[in-house]
Amino acid sequence: MNVDPPSAPPPGIGRRSLLAGGLAAAGLALTGCGAGTAVETGARTPIRQWNLFTGGDGARMVEMHERFAAEHPEYDLRPTTYLWGNPYYTKFAMGAAGGRSFDIGTLHLSRVKGMGAGTLIDPVPRDVLAEFGITEETVRSSLWEKATVDGQLYAIPLDTHLVVTYYNREVCEQAGVLESDGTLVRTSGVEELFDVLAAVKEVTGQYGIVMDTTGAWRQFWSLYRQLGGEMTLEGELGIDDDKALQSLDFLRRVSQEGLAPEASDAPATPANFQNGIAGLMLAGNWELPTFQDAGMDFGMRPFPGVFGDELGQGDSHVFVLPQRRDRDDEAVRAAVAYAAWMLKNSLVWAGGGHTPAYLPVVESEDYAALEPQSEYRAAAENVQLDPDAWFSGSAAALMSEANSVMAGVHNGSSTPEQTLESFKRAVQKLIDTPPPA
């Protein structure tokens, strides 16, 4: 995948996409010349684009790139795909520091500040972006605001992706937890949700719900934010212990009371949902193509309102411009033209589960007709991004440290109190670590 550990490419992806991960790991470009060696072909302007999309996302990105290339013969689009996570972010930082490696790259919005807004990343010229029809009024306001640092726009949001609830309609119908329109009942509070999970467990004979217990940060942050919890990561860790313990205790209870597995990693979780050992799943909306390809009858709705509003942890893929040694207005204009086209044509991208950031697409009848995407469309309005810090965000150290200690509350090896203390020690070490130059 991309947002989270990549899934295997589905049938039908060309050899070029299948080779993406392997070649990128070897440090090789996938198309055109290697990064930093581009030459213009005739009068065409090269657009060297770096991304971290493999699997189903990679297939859709290739489809969009092929359409862009066909519609814009004046540009020579040269995309390169690298492995998701730290391999990509390390490569990005090195490439951006060189000042000439690529023209436009993909990041998670939560990583923009930490990856060097104003140093490794250049501001986006709003006037040029507006010429191509992308303005503050056409992009989800919460994302535009987050992409703005010290009054300057440093990222162009493409989508929102977040943790949502998947439900197996056949199982849930047997359990009597569907509304008359076939959608999952909305619950309020821990006990209402546990009653639903218990009813589903009676049907499956094993569990009510599955979730990634080795990636518990996503669930924890969703629950903690539902409680109104804040977290500051400057000087000393600022965290509300009571709200953190409530969130961790939910994770403990759901597994220790037998409603969810004590251990289920990222690959196993969607597999466990698909094979029917549970009727519900908490996972990112990017898993949607897996179940559609399998022909499952399933639906999706926002993360359950355990402690308040249905808030779910998530992020946004964005396009950014690397800092340049030498000003090149033509290259910047081409990169912005590419990003604007991708936003305007993001209905294709929505097919993979992501909610477009471009409002004319997400508010269109075509998007409303997408099922089950339209069921959780409202959740994107309140996506809960990770707290700000150079070590925070998707695939960053904060998430990694949280995941490593929070798995213990699921498997019973650690109490919520012990887990919280371990988390606080680990985060303080990150805070005390000087940020990279």
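The values are calculated or read from the model by the stated rules, or taken from the named source; none is laboratory data. These figures come from a predicted structure and were not determined experimentally. Note: ideal-geometry Cβ built from the backbone for every residue, glycine included; neighbour counts use all protein chains shown. Heads up: the accessible areas ignore ligands, DNA and RNA and are worked out on the full protein's heavy atoms, side chains in. Shrake-Rupley method; radii C 1.70, N 1.55, O 1.52, S 1.80 Å.
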Query raised in the report: Where does the longest stretch of the chain lie that holds no GluC sites (Glu not before Pro) found in a DSSP loop with 13 or fewer other Cβ atoms within 10 Å?
Result: 258-362
Query raised in the report: With each pseudo-label sitting 7 Å past Cα toward Cβ, what's the Glu137-Lys429 distance in nm, one decimal?
Result: 5.1 nm
Query raised in the report: Given 0.36 nm per residue, what is the gain on full extension from Ala294 to Glu262 after removing their alpha carbon distance, in nm?
Result: 8.9 nm
Query raised in the report: Between Leu370 and Arg324, what is the label-to-label distance in nm when each label sits 7 Å out along the Cα-to-Cβ direction?
Result: 3.2 nm
Report summary line: As straight-line cross-link partners of Lys113, the qualifying lysines (C-alpha separation under 18 Å, not fewer than 8 residues apart within one chain) are Lys91, Lys146
Query raised in the report: Within the accessible area of the chain, what % is carbon and sulfur when the probe is 1.4 Å and the other protein chains stay in place?
Result: 48 percent
Report summary line: With label points set 7 Å from each Cα along the Cα-to-Cβ direction at Glu202 and Gln152, the distance between them in nm comes to 6.1 nm
Query raised in the report: Once fully extended, how much extra length lies between Thr119 and Ala69, figured as 0.36 nm per residue of separation less the alpha-carbon to alpha-carbon distance?
Result: 15.0 nm
Query - Full-extension gain in nm, Leu245 to Thr232, via 0.36 nm per residue minus C-alpha separation - result: 3.0 nm
Query raised in the report: Helix 241-256: angle to the longest alpha-carbon principal axis of the chain, degrees 0 to 90, nearest 10?
Result: 70 degrees
Query raised in the report: Near Lys243, which lysines are there with a Cα under 20 Å away, not counting those fewer than 8 places off in the same chain?
Result: Lys424
